[in-house]
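Chemist: This is the structure, below, for whatever I ask next.
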Amino acid sequence: MSEEPRSSARPSVDPLDLDALDLSAFAGRPVAVLGFARSGAALARFLADRGASVTVYDARPAPELAAAVDSLQGRKARLLLGPEVDPVEVLTGQALITTSPSINSHYPTAEPRLRSALASVEAEGRVPVVSEVDLFLRLCPATTVGVTGTKGKTTTSSLSAAVLAAADDRVFLGGNIGLPLVERLPELTPEHRVVLELSELQLPTLSRGTNVAVYTHVTEDHLDRHGSVEAYRRVKRRLAELVDADGALVLNAEDPVTASYAAATATRAVLYRRDRPMDGGVGVADGWIVARGVDALPRLGGGVAMTGPGGRVLPLTDIPLPGPHNVSNVLAAVAVGLLFGIAADRIREAVAGFHGVEHRLEPVALVDGVRFVNDSQGTQPDAVIAALRSFPPPVVLIAGGRDKGLALDELAQVAVERAQAVVLIGESAPLLATALARAGHPRIESAADLPSAVDRADELARSLLSSPAGSDRMGNRATVLLSPAAASFDMFEDYAARGRAFKDAVAALAGRRNPDS
């Protein structure tokens, strides 16, 4: 990596025209990259490869960003890193300013000095500001599917990509799922298909939509950034407002918030529900997922998508994922497949072969009759409720972390009904304990850390199995479920680190219990 020297004064330059961008437009032009996490590093590499003069800014100290710096692999970039850097210096003399998802002048969670400097640039209106995902959509020649919602985004995105890949392997999956796709632009063609998971961080930055917009359900989350449930739901609505006129919305008819987004655009809506399908929609009838007159996208030839007799696509017994919420996720992915003209037998094969994604109801191990499930992504109460309803008793729930300020009463009541014991960790343990006790839960314990929680949950699960009620249950199996109903940042870098720690603790437990295996 070759670092360009700093310059305290940079001349004013002509801005790039966002409406006239192509892959050659960046050559020789000064471009700023704000934020040096995964998206920012991808932007810096992409822009450097396109011949831009790249300046990278991040307020974190340089030693914390060593991995991102190393990822440049010798590409030239002017690195302005650390809290002593004035963001105004970064934004001066640029033809374009690009941003990572978390950097937005309207987010109270963004760094205050950068928020102020960026707001001044935006108010002046001379230099365009564009996010990584918006830049991707402006330059992408492929047909795109955007997937959003409060929960279920990752599973639905991954399922949709698997369904599309069943017919043609020219499919890319990325976005909030962990893989910025801006670097893949040079290899994309109109024959490719791109599925993007889009979060509430990315949606407000969009000025371009996707060809298909898919919604799971919209409840409430991230109120620290958006201030109110209503503001959060307006942010989620953005994808529907921008969807292509000749594309389609795929909406959950069982969620009134999501279903209301049909009014955001004149684009056709394909509604799905776990009941008989509406006209032009997807549903469930007689144990099968069925479609009722879903037309393929006009850009892909149009016409009614081909299904089996009575609109049949696949039996519910072919779905390998637990829980009724995953039936909804499959319905959404089936709708995507039909919009792309994928044959019903190919859709069925793709769904049957899909076994979930990491940290979302992820089976970890079966240790002497106790099943361990990693749902570290279950950071809010409604996700934990869905997880608890996915497994038969006995269930021992491990929950807790950094509180997100969301109501816990409904979760506590469902935990009374579905979890025979609860082990709490982290900062939110007292709040959860209070809510559970108020709901009348009979068995609430605490643990100092996640490994201790795993050990104690295993002991509780075995005691439940050995009880008369447990021994009478078919299958004679208990479930230890990590589904925290809280953020991870009190104890871990992110939910993925928490999930990996859970799996490590389970592996250690299994090793102690079966040392010769």
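Every read-out reported here was derived from the displayed coordinates using simple, explicitly stated rules and does not represent laboratory data. Keep in mind that what you see is a predicted model, and the values were worked out from it rather than measured. Cβ: placed from backbone, ideal geometry, glycine included. Neighbour counts: every protein chain shown.
Chemist: Taking only pairs that are 8 or more places apart or on different chains, how many Lys pairs in the chain have Cα atoms under 27 angstrom apart?
Modeler: Numbers: 151/236; 151/404; 151/503; 153/236; 153/404; 153/503; 236/404; 404/503.
Eligible lysine pairs with Cα atoms under 27 Å apart amount to 8.
Chemist: Let me ask something additional. Considering Cα pairs under 8 angstrom that are at least six residues apart, work out the relative contact order of the range 190-285 and quote it in whole percent.
Modeler: Relative contact order, the range 190-285: 23 percent.
Chemist: Along each principal axis of its Cα atoms, how long is the range 362-512 end to end? Whole angstroms, biggest number first, please.
Modeler: 39, 33, 24
Chemist: Could you give the length gained by full extension between residue 496 and residue 358, i.e. 0.36 nm per residue of separation minus their alpha carbon distance, to one decimal place?
Modeler: Numbers: separation 138, 0.36 × 138 = 49.68 nm, distance 0.83 nm.
Stretched fully, the residue 496-residue 358 segment lengthens by 48.9 nm.
Chemist: Sticking with this one: Can you give me the long-range amide H partners of residue 79? Hydrogens built in the peptide plane at 1.01 Å from N, cutoff under 5 Å, separation of 5 or more residues or another chain.
Modeler: Close amide H contacts, sequence-distant or interchain: 4, 56.
Chemist: Given the options 393, 282, 129, identify the residue whose Cα lies farthest towards the positive end of the charge dipole of the chain (+1 on Cβ of Lys, Arg; -1 on Cβ of Asp, Glu).
Modeler: The listed residue farthest towards the positive side: 282.
Chemist: What is the list of residues in the range 82-110 whose amide nitrogen lies under 16 Å from a point 7 angstrom out from the Cα of residue 13, following Cα to Cβ?
Modeler: What the label zone holds, given the 16 Å backbone N cut-off, is 89-99.
Chemist: Could you tell me how far the Cα centroid of the range 114-131 sits from the Cα centroid of the range 366-383, in Å?
Modeler: Between the Cα centres of the range 366-383 and the range 114-131 lies a distance of 43 Å.
Chemist: Using all alpha carbons of the range 2-130, what is the percent of pairwise distances in each 5 Å bin, ordered from the shortest bin to the longest?
Modeler: Calculated P(r), rounded to whole percents: 2, 11, 23, 26, 22, 13, 4, 0.
Chemist: Taking 0.36 nm per intervening residue step and subtracting the Cα-Cα distance, what contour gain separates residue 20 from residue 66 on full extension? Could the numbers behind the result be given before it?
Modeler: Numbers: separation 46, 0.36 × 46 = 16.56 nm, distance 3.49 nm.
Result for the pair: 13.1 nm of gain on full extension.
Chemist: In whole Hz and in residue order, list the ³J(HN,Hα) couplings for the range 239-252 that follow from phi through the Karplus curve 6.51 cos²θ - 1.76 cosθ + 1.60, θ = phi - 60°; x for Gly and Pro.
Modeler: Rounded to whole hertz, the list is 4, 5, 5, 9, 4, 4, 4, 9, x, 7, 9, 10, 10, 7.
Chemist: Can you bin the range 192-303 into rounded, prolate or oblate? Criterion: square roots of the alpha carbon gyration tensor eigenvalues sorted a ≥ b ≥ c, rounded for a/c under 1.5, prolate for a/b above b/c, oblate for the rest. Don't skip to the answer; put the middle values down first.
Modeler: On the way: a/c = 2.29, a/b = 1.38, b/c = 1.66.
Oblate.
Chemist: Let me ask something else about it. With viscosity set to 0.692 mPa s and temperature to 37 °C, compute the Stokes-Einstein D of the range 140-352, Rh being the Kirkwood radius across alpha carbon pairs; µm²/s, no decimals. Numbers along the way, then the final one.
Modeler: Details: Rh = 16.9 Å.
The estimated diffusion coefficient comes to 195 µm²/s.
Chemist: Efficiency by 1/(1 + (r/R0)^6): what FRET value for residue 406 and residue 463, r their Cβ-Cβ distance, R0 = 22 Å, to the nearest 0.05?
Modeler: With R0 = 22 Å, the Cβ-Cβ based efficiency is 0.10.
Chemist: While we're on this one: Take the alpha-carbon positions of the chain, form their convex hull, and give its projected area averaged over all directions (one quarter of the hull surface) in nm². Intermediate results must be reported in sequence, preceding the final value.
Modeler: Details: hull surface 102.5 nm².
Seen from a random direction, the Cα hull of the chain projects 25.6 nm² on average.
Chemist: Can you grab the distance from the C-alpha centre of the range 228-264 to the C-alpha centre of the range 53-111, Å, no decimals?
Modeler: Here the two parts' Cα centres lie 33 Å apart.
Chemist: Here's a follow-up. State the antiparallel share, in %, of DSSP beta bridges confined to the range 362-512, rounding to the nearest 5.
Modeler: On the way: 6 of 22 bridges.
Counting only bridges with both partners in the range 362-512, antiparallel ones make up about 25 percent.
Chemist: Something else: For the range 108-172, report the convex hull volume of the alpha-carbon atoms normalised per residue, in Å³, without decimals. Show your work: numbers first, answer last.
Modeler: Working: hull volume 8.0 nm³, N = 65.
Value for the range 108-172: 123 Å³ per residue.
Chemist: By how many nm would the segment from residue 207 to residue 514 lengthen if fully extended, with 0.36 nm per residue of separation less the alpha-carbon distance? Don't skip to the answer; put the middle values down first.
Modeler: Values: separation 307, 0.36 × 307 = 110.52 nm, distance 5.54 nm.
Taking residue 207 through residue 514 to full extension adds about 105.0 nm, to one decimal.
Chemist: Remind me, what semi-axes does the range 252-293 give for its equivalent ellipsoid, largest first in whole Å, using sqrt of 5 times each Cα gyration tensor eigenvalue? If you can, show how the numbers build up before the last one.
Modeler: Numbers: eigenvalues 84, 27, 4 Å².
Semi-axis lengths for the range 252-293 are 20, 12, 5 Å.
Chemist: Out of the DSSP beta bridges found with both residues in the chain, what percent are antiparallel (nearest 5)?
Modeler: Working: 17 of 73 bridges.
Once the DSSP bridges in the chain are tallied, antiparallel ones form about 25 percent.
Chemist: Can I ask one more? Hey, can you grab everything whose amide H is under 5 Å from the amide H of residue 289? Only 5+ residues off in sequence or another chain; H modelled, so Pro and N-termini drop out.
Modeler: Those qualifying (amide H under 5 Å, at least 5 residues apart or on another chain) are 313, 314, 316.
Chemist: Another one. With each label point set 7 Å from Cα along the Cα-Cβ vector, what nm distance links residue 86 and residue 124?
Modeler: Result: 1.3 nm between the two label points.
Chemist: Now a separate question. Write down Rg/Rh for the range 299-379, rounded to two decimals, with Rg from the C-alpha atoms and Rh from the Kirkwood relation over Cα pairs.
Modeler: Working: Rg = 15.7 Å, Rh = 14.4 Å.
Ratio value, two decimals: 1.09.
Chemist: Which value, in debye to the nearest 20, describes the size of the charge dipole of the range 362-512 about its Cα centre when Lys and Arg Cβ atoms bear +1, Asp and Glu Cβ atoms bear -1, and nothing else is charged? If you can, show how the numbers build up before the last one.
Modeler: Details: 15 positive and 19 negative charges, 75 e Å.
With Lys and Arg at +1 and Asp and Glu at -1, about 360 debye.
Chemist: Going by how many other Cβ atoms sit within 10 Å of their own, how do 50, 402, 513 line up, fewest first? Provide the component values of the computation, followed by the final result.
Modeler: Working: 50 19, 402 16, 513 12.
Fewest-to-most ranking of 50, 402, 513: 513, 402, 50.
Chemist: Restricting to DSSP H runs of at least four residues, report the calculated mean residue ellipticity at 222 nm for the chain, -39500 (n - 2.57) per run over all residues, nearest 500 deg cm²/dmol. Numbers along the way, then the final one.
Modeler: Numbers: 17 runs with 173 residues, N = 517.
That calculation yields -10000 deg cm²/dmol at 222 nm.
Chemist: Of the DSSP beta bridges with both residues in the range 140-352, give the percent that are antiparallel, rounding to the nearest 5. The partial results should precede the final answer.
Modeler: Numbers: 11 of 33 bridges.
Rounded to the nearest five, the antiparallel share is 35 percent.
Chemist: Now for a separate question. Please check which bits of the range 298-325 a label hung off residue 286 would reach, taking the label as a point 7 Å along Cα-to-C-beta and the cut-off as backbone N under 18 Å.
Modeler: Those under the cut-off are 307-318.
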